[in-house]
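Notes follow the structure.
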Amino acid sequence: MKINDIKELSIQINLNGLSFCILNRTTNTVEYLKIIDFEQKLTPDAVLNQLKTELGSNAVFSEDFNDVLVIHQNELATLVPEEFYNSANKTDYLKFNSKILKNDFITEDNIAINKSVNVYVPYVNINNYIFETFGEFVYKHSSSILIDAFLQNSETAEGSNVYINVNKTTIEILVVENSTLQLFNVFEYHSKEDFLYYILFVFEQLKLDVETTAVQLCGNIVIGDELFVMLYIYIRHVSFIEEAYDFKIAAETDRRYLHQHFLILNSF
């Protein structure tokens, strides 16, 4: 490995865990991929402590990175069509869908693929630490990356398709019909029954057919676990999203579970 290789680091921040990915642009290879799950949901300050521990104790993060991206994954986000967006109204857009505090910092991502603006609250303490550690960096909301990736994935698909990114206590559901976004929402679940309820609720609200509508999964779910089994009982066409990445994945990565890294791998 050459010292002057061009490398990019992505860090995914969730109150339930962290993910890390290092892409070597020179060799076009993902050299490092890791998920850390917390036993329970933490506060942003406690997550920062976990992040400091990991970055400080793992030698792979002591290298120089040409680009650093932080992905903020929380439910504090809402989509606004570009044509109706006014940056002066950021708080108003968000407060109808999320519980926000008076002193919360609110920002936005532009999602070019469907001409929308994603308004959200990032973890400011994380951003401050990343800047102190790595210098200039970019940050985005997880849903901005998911929406862009899912819409690109659906460009050749016909009819309605449901995409679900599964996290430890939340699911992000996106519905696309003929390459047009119909719905994006985040639901918090505490049991497999909750998990199924919210998915079937979306099917019911959008009048989707459980016999014909395809569901593609990514994230924290595998064949045979209770969430997958419950879903497969009620919906006929369930599969894991397959992605043909432009870069190579390090040989030690188990490709059967590559869907678990879908979000962070699509951040580059």
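A few points about this structure:
- Sorting THR91, THR213 on solvent-accessible area from highest to lowest, probe radius 1.4 Å, gives THR91, THR213.
- Around the amide H of GLN182, modelled in the peptide plane, lie the amide H atoms of VAL175, VAL176, GLU177, all under 5 Å away and 5 or more residues distant in sequence or on another chain.
- Remark: region 215-220, residue by residue, has Karplus-estimated 3J(HN,Hα) of 10, 10, 10, 8, x, 7 Hz, where x stands for each Gly or Pro and the curve is 6.51 cos²θ - 1.76 cosθ + 1.60 at θ = phi - 60°.
- Among the listed pairs LYS52/LYS248; LYS34/LYS248; LYS52/LYS168; LYS7/LYS34; LYS99/LYS207, those whose Cα-Cα separation exceeds 19 Å are LYS52/LYS248; LYS52/LYS168; LYS99/LYS207.
- Descending semi-axes in whole angstrom, ellipsoid equivalent of region 121-223, from the Cα gyration tensor: 30, 18, 11
- For trypsin sites (Lys or Arg not before Pro), the sites in region 12-104 that DSSP calls loop and that have at most 10 other Cβ atoms within 10 Å are LYS99, LYS102.
- Projected onto planes of every orientation and averaged, the convex hull of the alpha-carbon atoms in region 4-117 covers 9.3 nm².
- Most fluctuating residue given options ASP148, ASP92, ASP194, as computed from a GNM of the chain linking Cα atoms under 10 Å: ASP92
- The mean accessible area for residues of the chain, using a 1.4 Å probe and ignoring ligands and nucleic acids, is 52 Å² per residue.
- For region 66-180: rounded, prolate or oblate by the Cα gyration tensor [a/c cutoff 1.5]: prolate
- Distant-in-sequence amide contacts of LYS7, defined by a placed amide H-H separation under 5 Å and a gap of 5 or more residues or a different chain, comprise ARG25, ASN66, ASP67.
- For region 53-124, fraction of C-alpha pairs farther apart than 21 Å, in %: 40
- Between region 235-267 and region 189-234, the C-alpha centres lie 19 angstrom from each other.
- Three-way shape label, region 175-268, alpha-carbon gyration tensor, a/c 1.5: prolate
- Electrostatic bookkeeping for THR212 treats Lys and Arg as +1 and Asp and Glu as -1; over the other residues with beta carbon under 14 Å from its beta carbon, the sum is -2.
- Heavy-atom surface analysis with a 1.4 Å probe gives the chain a carbon and sulfur content of 48 percent of its accessible area.
- When +1 charges are put on Lys and Arg Cβ atoms and -1 charges on Asp and Glu Cβ atoms, the dipole computed for region 1-99 relative to its Cα centre reaches about 140 debye.
- Between region 9-37 and region 133-183, the Cα center-to-center distance that results, in Å: 18
- Remark: the chain projects, on average over all directions, an area of 14.8 nm² (convex hull of Cα atoms).
- Listed by chain and number, the lysines placed with their C-alpha closer than 23 angstrom to that of LYS115 are LYS90, LYS95, LYS140; residues fewer than eight positions away on the same chain are left out.
- Calculated FRET efficiency for the pair HIS237/TYR257, C-beta based, R₀ 22 Å, to 0.05: 0.55
The values are calculated or read from the model by the stated rules, or taken from the named source; none is laboratory data. All values reported here derive from a predicted model rather than from experimental measurement. For neighbour counting, all protein chains shown are included, and Cβ atoms are generated from backbone atoms with ideal geometry for every residue, glycine included. Areas reflect the complete protein model, heavy atoms only, side chains present, ligands, DNA and RNA absent. Shrake-Rupley method; radii C 1.70, N 1.55, O 1.52, S 1.80 Å.
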